[in-house]
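A.B. asks: Once you've had a glance at the structure underneath, I'll fire off some questions.
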Amino acid sequence: MSDGAGFGVASGSDGEGFTAEQLRFSQKDARNLSLLCVGALVVCIGMAVFVFTSVPWETRMPYDGKYNRSGSGIPMQIALLPVLVPILGMWRASRRLEKSPRTKAGRIRIYILLAVFVIVCMIAQWTMSEEILVAGGYLPE
């Protein structure tokens, strides 16, 4: 079995066997990644609030797919919520980094992966917001 050394995880699960510098870096990483997640959460909530205040409440996303042939569509109010859930999950996971120090390669990987994930979530929120604003008549088609 692998000891996890190739994945950027150091030995020890609760901080044993780590230097004070590694533990300090882990706390710094947890704080920085938490700030990144909170920033993305604020941006996504801001987009949702703007859409909610700019589009009538009865606006529905056009949908005539497999599960809803009535043409009534998906309610706008719930369309912007799914993006917030993964960001909240990543925020919670980033706080765990404080207790599980990583090697330098593991720290670099987590920064890159979380930054890409957060950017993808914000692009998804932007796209959904734009579609709702077009469907609600706020933006031209």
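A.B. asks: Which value, in Å² rounded to 10, gives the accessible area of Lys104 with a 1.4 Å probe and all protein chains present?
C.D. replies: 150
A.B. asks: Please work out the C-alpha center-to-center distance from region 80-141 to region 21-59 and express it in whole Å.
C.D. replies: A separation of 8 Å, based on Cα centres.
A.B. asks: Stretched out fully, how many nm does the piece from Thr53 to Leu23 gain, at 0.36 nm a residue minus the Cα gap?
C.D. replies: Between Thr53 and Leu23, full extension yields an extra 6.3 nm.
The values are calculated or read from the model by the stated rules, or taken from the named source; none is laboratory data. Small disclaimer: the values here were computed from a predicted structure and weren't measured. With ligands, DNA and RNA removed, areas are computed over all heavy atoms of the protein, side chains included. Shrake-Rupley method; radii C 1.70, N 1.55, O 1.52, S 1.80 Å.
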